[in-house]
Amino acid sequence: MTIPVLPLDRYERIVFFTGAGLSAECGLPTYRGAGGIWSEYNYEDFACQRAFDRDPEKVWDFHDERRRIMGEAEPGLAHRVIARLQQERAGTAIVTQNIDGLHQQAGATEVIELHGSVWRVRCRCPDGLQENHDQPIERQCPACSAYRRPDIVWFEDPMQEGPLRAAATAIAECDLLVSIGTSGVVYPAAALPQLARQTGAMCVEINPEETEVSGQYQVNLRMGASEALSSLWPEVAEMSR
Ligand code: NAD
Ligand code: ZN
C-alpha cells in the first residue's frame, strides 16, 4: 500500500476523529460486527434510558463491567502518538466517539467526547455531574439518593450539544482530518467528516475494513491505527514508543 506524504508543517489544524477501532488495539471490544458488544448484548436491555428506568441495577451491572474492563486497558501507541501531536502542535483537536478515557490517559487534553465518558456519572440534582472512577460505583446519588446514570450518550438519547458544536467547529476549520477506527454508521457523528470535505481539508481514513463513508476520504489506509500512524509520522511514533 502506498503511504501518502503528509508533512506535519503543511497543516495548521489537524483533527483526529476516533472510534472504537482505536481502542480495539488495547483489547477493548468494538461495538458492531463479529465480537462487537452489540452482537452480544441487546442495547434495549442495557444501553438506553428505557432499560435504565425499568431496571437500573441490571444496567449498572453492565456498565460496572464495562468500567472494569476499560479501567484495566492501557492506551496504545496510536493514543500516544495523537496525544504527543496535540501537546506539540497548538490547533490539534481530538474528537472521539469513545467513552473509555484512553486519549486522556495517554496525555491528551481537551478531548471532545461526543458520546460522553464512563468515568463520569450524573444525577438531575444540582452538582449531580461528577467525575468518578470508583469500582464498583455507588449507584445512588449521595445527595438525593436517586439512581445516577453514566454520563454517556445511550441509544435514543439526544447528542450532547456542547461537544457536538465543538466538534463541528473544529472539523469545519481543519485542514487535515484523520478518521481512525470508526464504522461511520452512527449519526450525527458520522456526518461530521463531510464538513471537512466541504471546506477543502485533506481527509484520511484509517481502518482495516472499508466503511460506508470510505468514499468521503481522499486517502484510505487499510491498516490498524498504530501501524498507520507510525507509517505516516515515523519520528513522532518513535518518540511515543
Ligand atoms: P464500531 O464498532 O462501529 O466500529 C469500529 C471500527 O473500527 C470498525 O470499522 C473496524 O473495522 C475498525 N477497526 C477495528 N480494528 C481497528 C484497528 N486496529 N485500527 C483501526 N480501526 C480498526 O465503533 P464506532 O464507529 O466507534 O461506533 C460508534 C458507535 O458505537 C456509537 O456511536 C454507538 O452506537 C456505539 N456506542 C454506544 C455507546 C453506548 O453505550 N450507547 C457508547 C459508545 C459507542
Ligand atoms: Zn442527586
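The values are calculated or read from the model by the stated rules, or taken from the named source; none is laboratory data. In this text the structure is predicted, and so the values were computed from the model without any measurement. Cβ coordinates were reconstructed from backbone atoms using ideal geometry, including for glycine residues, and neighbour counts include every protein chain displayed.
A few points about this structure:
- Test: residue in region 162-185 that is modelled with pLDDT of 95 or more, surrounded by fewer than 16 Cβ atoms within 10 Å (Cβ to Cβ) and within 30 Å of D64 (Cβ to Cβ): yes
- Here G162 meets the list (1) part of a strand (DSSP E or B); (2) within 16 Å of the chain's Cα centre (by Cα); (3) not hydroxyl-bearing (S, T, Y) almost entirely, failing just condition (1).
- Taking the criterion of being under 26 Å from W154 (Cα atoms) and more than 9 Å from ligand 1 (Cβ to nearest atom), the residues of region 197-222 that qualify are E205, E212, V213, S214.
- E88 vs. criteria acidic (D, E), under 25 Å from A170 (Cβ atoms) and more than 16 Å from ligand 2 (Cβ to nearest atom): yes
- Residue count for region 94-140 under the criterion of being closer than 22 Å to E65 by Cα, charged (D, E, K, R) and surrounded by fewer than 20 Cβ atoms within 10 Å (Cβ to Cβ): the result is 6.
- Test: G200 is modelled with pLDDT under 95, within 25 Å of E88 (Cβ to Cβ) and in a loop (DSSP other than H, G, I, E, B): yes
- Scanning region 104-146 for residues that are farther than 22 Å from C48 by Cα, part of a loop (DSSP other than H, G, I, E, B) and within 16 Å of ligand 1 (Cβ to nearest atom) yields one hit, A106.
- With respect to being assigned by TED's automatic domain parsing to the domain that holds I82, in a loop (DSSP other than H, G, I, E, B) and of a type outside the set (G, A, S), E209 fits the description.
- Close contacts from region 28-52, counting a first residue that is over 19 Å from N98 (Cα atoms) and not assigned by TED's automatic domain parsing to the domain that holds H103 and a second that is of a type in the set (G, A, S) and more than 16 Å from ligand 2 (Cβ to nearest atom), with Cβ to Cβ under 6 Å and a gap of 6+ residues or different chains, come to D45/A51.
- Residue satisfying all of: in region 141-157; crowded, with 17+ Cβ neighbours inside 10 Å and of a type outside the set (F, W, Y); farthest from ligand 2 (Cβ to nearest atom) among these: V153
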